[in-house]
Amino acid sequence: MQTVENPFSQESQKPIGALLQARGLITSQDLDKALAFQRQFKGRLGSVLVRMGALSEDALLPVLSEQLGLSLLAVDQLPSLPGEILGAIQLSGLSPEWFADQQLVIWEGADGVIHCASRNPIDSNLQETLAIAMGEYSQSWHFVRTQDLERLLKLIQLSPEAEYEDEVAHLRELAEEAPVIELVGNVLAQAIDEGASDIHIEPEENTFEVRYRIDGVMQARLNQPRERFDAVASRIKLISGMDIAERRLPQDGRITMRASGADMDIRVSALPGVHGESIVMRLLPKERSNLNLEWLGMEADHLAQFSRWVQEPHGIILVTGPTGSGKSTTLYAALDAANDRSKKIITVEDPVEYKLAGVTQIQTHSEIGYDFARALRAILRQDPDVIMIGEIRDLETAEIAVQSALTGHLVLSTLHTNDALSAFTRLLDMGVEPFLVASSVRAVQAQRLVRKLCDQCARPAEPPPAIVEISLQLRELYPTLLSQAPAWRVPAGCPHCRGSGYRGRIGIYELVEVSPAIKNAVMQRTTAGEMVGLARQEGYRSLREDGLIKAWRGLTSIDEVLRVTGIGESEE
């Protein structure tokens with residue numbers, strides 16, 4: 001047996017700390033901290049310095065190579081085929097699993113020497129074990145960079161469990177790279193600064209794109225090569241508590257962070273697609289100072305009506321609209337209005353979006369069977385006055401809500417319907433009896449969010465004749481709301497609004513109170529369309545009409561109102 005040895009120069013026998021400091025790669029403070037850490041927790045000084053962030057592995061390895069007389073191999077000096085490594089492993093008689101466990105790779109050179117690359121090539125036990133196993137073969141030990149060693153280890157065909165662990169280690173390593181950490185941090189910070197509600201990271205065949213949803217509209221912000229996507233996705237999954245190696249199944253995670261002076265709760269969703277996982281992050285500030293009814297943008301008559309509703313002693317008040325229409329914000333504002341500290345208020349949510357002082361908030365966990373219905377049954381034993389249900393999704397939840405309303409509780413909840421009057425049809429379709437719906441539901445509100453015109457660049461413009469005609473009719477119906485001269489405006493675009501012409505959003509609403517006529521219509525299962533005539537007799541106005549009132553005032557544009565409410569509203 002013959003072992004390749006390299007002579008040590010007098011210079012190279014100096015301690016590694018002194019060598020690094022002499023070359024200006026670390027400071028004396030770095031060295032003192034690393035030595036103190038080493039005394040307490042052991043470990044090699046070079047590795048401690050790298051983990052501390054005092055220097056990089058690329059800076060450390062050439063100095064170690066010189067100090068210890070072991071060569072540092074470049075990528076082109078390493079094997080590229082699995083057979084080169086497996087052949088040498090077979091000569092040793094040791095298992096591939098042992099080599100993977102020791103983080104050791106060997107291969108036979110053209111001169112018959114067995115070349116050995118390891119995380120710690122000066123480990124005497126490792127050298128002795130391999131020397132015995134290889135018999136008459138000479139060994140030459142080398143330093144290699146961690147990323148190169150990981151690649152070599154992947155060439156060994158291990159068991160599925162070992163392959164999984166190796167993949168996890170590689171993804172975790174990608175996620176901890178400084179450029180990736182910086183990129184993800186910048187994407188989150190920029191989105192928060194711009195007031196985005198969601199971040200979408202979408203992989204394509206050759207690139208991936210980062211888009212923000214700002215004021216309800218998607219806006220592209222960043223385009224990167226596809227090669228960087230796995231590292232970015234791994235970073236997001238790592239900090240949100242997901243399984244970074246799982247790419248075949250949908251996953252959900254959560255990040256809590258502070259950025260731009262605000263504590264943020266970020267809900268993360270990963271959904272597998274053809275080109276990789278689509279990642280969506282919903283940004284939720286933990287605290288909102290503007291959760292009050294006045295801030296929602298209701299017209300004076302709607303505000304007075306809704307404020308009266310939330311002071312009712314019992315009954316169901318429903319807020320309807322599609323996802324992202326501000327329903328949860330309205331419910332929180334309603335709870336704030338009802339919370340005079342004389343009532344017990346409990347919420348059941350999935351998820352809890354904002355924390356409210358003086359309110360007991362419950363998070364459901366459907367994965368363990370703790371759903372809305374089960375939580376509601378427990379809540380009724382807590383002596384509540386006001387109950388807020390995040391969403392009525394099924395018959396069981398609807399029936400408990402109805403029974404709660406009929407036994408003296410005020411119930412606030414949401415439904416996914418296009419307009420207010422469709423809420424009755426939705427409950428009937430779920431299977432709730434008509435007489436229960438008619439006797440328990442007190443009021444329904446539908447809402448949407450429209451973008452507000454940018455105050456810096458919006459310019460006056462005359463509306464189409466058809467809009468003018470409708471607006472004059474509205475003025476006759478609501479002379480108080482439209483007492484001032486019209487101030488129609490259109491977007492222009494400027495740096496302040498990033499060229500969109502809009503900045504911020506405001507709600508448009510339609511409110512329906514359950515009068516005796518509406519109750520009778522629900523009992524007879526009258527369609528929503530037929531109920532419109534009854535509601536109009538009691539002052540009902542549609543979402544589009546409420547939007548046109550705001551466009552009259554110059555708060556938003558006619559195009560924005562039509563975009564949000566749809567082109568073909570039946571009554572117009």
- Task: Quick one: residue 418 ticks every box in (1) over 23 Å from residue 336 (Cα atoms); (2) assigned to a helix (DSSP H, G or I); (3) open to solvent by 60 Å² or more (accessible area, probe 1.4 Å) except a single one, so which number is it?
- Result: (2)
- Are any residues in the stretch 329-360 of a type in the set (S, T, N, Q) and crowded, with 17+ Cβ neighbours inside 10 Å, and if so, which ones? 329, 330, 347
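Let's see how each residue does on (1) open to solvent by 10 Å² or more (accessible area, probe 1.4 Å); (2) assigned to a strand (DSSP E or B); (3) modelled with pLDDT of 90 or more; (4) on the phi > 0 side of the Ramachandran plot:
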residue	(1), (2), (3), (4)
208	no, yes, yes, no
219	yes, yes, yes, no
243	yes, no, no, no
252	yes, yes, yes, no
269	yes, yes, yes, no
272	yes, yes, yes, no
289	yes, no, no, no
- Note on the structure: Selection from the stretch 177-194 of residues without any contact (Cβ under 8 Å) to a residue 60 or more places away in the chain, open to solvent by 40 Å² or more (accessible area, probe 1.4 Å) and not polar (S, T, N, Q) yields 177, 178, 179, 181, 182
- Given the conditions (1) over 30 Å from residue 206 (Cβ atoms); (2) of a type in the set (Asp, Glu); (3) touching a strand residue (DSSP E or B) at 6+ places or on another chain (Cβ under 7 Å), report the number of the one that residue 277 does not fulfil. (1)
- Note on the structure: residue 534 fails exactly one of (1) more than 23 Å from residue 467 (Cβ to Cβ); (2) buried (at least 17 other Cβ atoms within 10 Å of the Cβ); (3) touching a residue at least 40 places away in the same chain (Cβ under 8 Å); (4) of a type outside the set (Gly, Ala, Ser), namely (3)
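Going residue by residue through the stretch 305-315, is there one that turns out to be part of a helix (DSSP H, G or I) and of a type in the set (Ser, Thr, Tyr)? Let's see the steps before the verdict.
Kept after step one, since they are part of a helix (DSSP H, G or I), are these residues of the stretch 305-315: 305-309.
This time we only want the ones that are of a type in the set (Ser, Thr, Tyr), so: 307.
Yes.
Can you name the residue in the stretch 70-93 that is among the small types (Gly, Ala, Ser) and surrounded by 14 or more Cβ atoms within 10 Å (Cβ to Cβ) and, of all such residues, is farthest from the chain's Cα centre (by Cα)?
Narrowing the stretch 70-93 to residues among the small types (Gly, Ala, Ser): 71, 74, 80, 83, 87-88, 92-93.
Restricting the remaining residues to those that are surrounded by 14 or more Cβ atoms within 10 Å (Cβ to Cβ) gives 71, 87-88, 92.
Values: 71: 46, 87: 47, 88: 47, 92: 50 Å.
Checked the stretch 70-93; the qualifying residue farthest from the chain's Cα centre (by Cα) is 92.
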- Item | Among (1) under 21 Å from residue 505 (Cβ atoms); (2) hydroxyl-bearing (Ser, Thr, Tyr); (3) assigned to a loop (DSSP other than H, G, I, E, B); (4) out of contact with any Leu (no Cβ under 8 Å at 6 or more places or on another chain) - the single one residue 354 does not satisfy | (4)
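Name the residue that is most open to solvent (accessible area, probe 1.4 Å), counting only residues in the stretch 111-131 that are more than 18 Å from residue 74 (Cβ to Cβ) and within 48 Å of the chain's Cα centre (by Cα). Outline the logic, then answer.
Keep residues of the stretch 111-131 that are more than 18 Å from residue 74 (Cβ to Cβ), which gives 111-112, 114, 120, 122-131.
Going one step further and asking which of them are within 48 Å of the chain's Cα centre (by Cα), we end up with 120, 122-123, 125-126.
Working: 120: 43, 122: 87, 123: 50, 125: 109, 126: 10 Å².
Out of the qualifying residues, it is 125.
The values are calculated or read from the model by the stated rules, or taken from the named source; none is laboratory data. Here the structure is a predicted model, which means the values were calculated and not measured. Counting neighbours? That spans all protein chains shown, and the Cβs are built from the backbone with ideal geometry, glycine included. Only protein heavy atoms, including side chains, enter the accessible area calculation; ligands, DNA and RNA are left aside. Shrake-Rupley method; radii C 1.70, N 1.55, O 1.52, S 1.80 Å.
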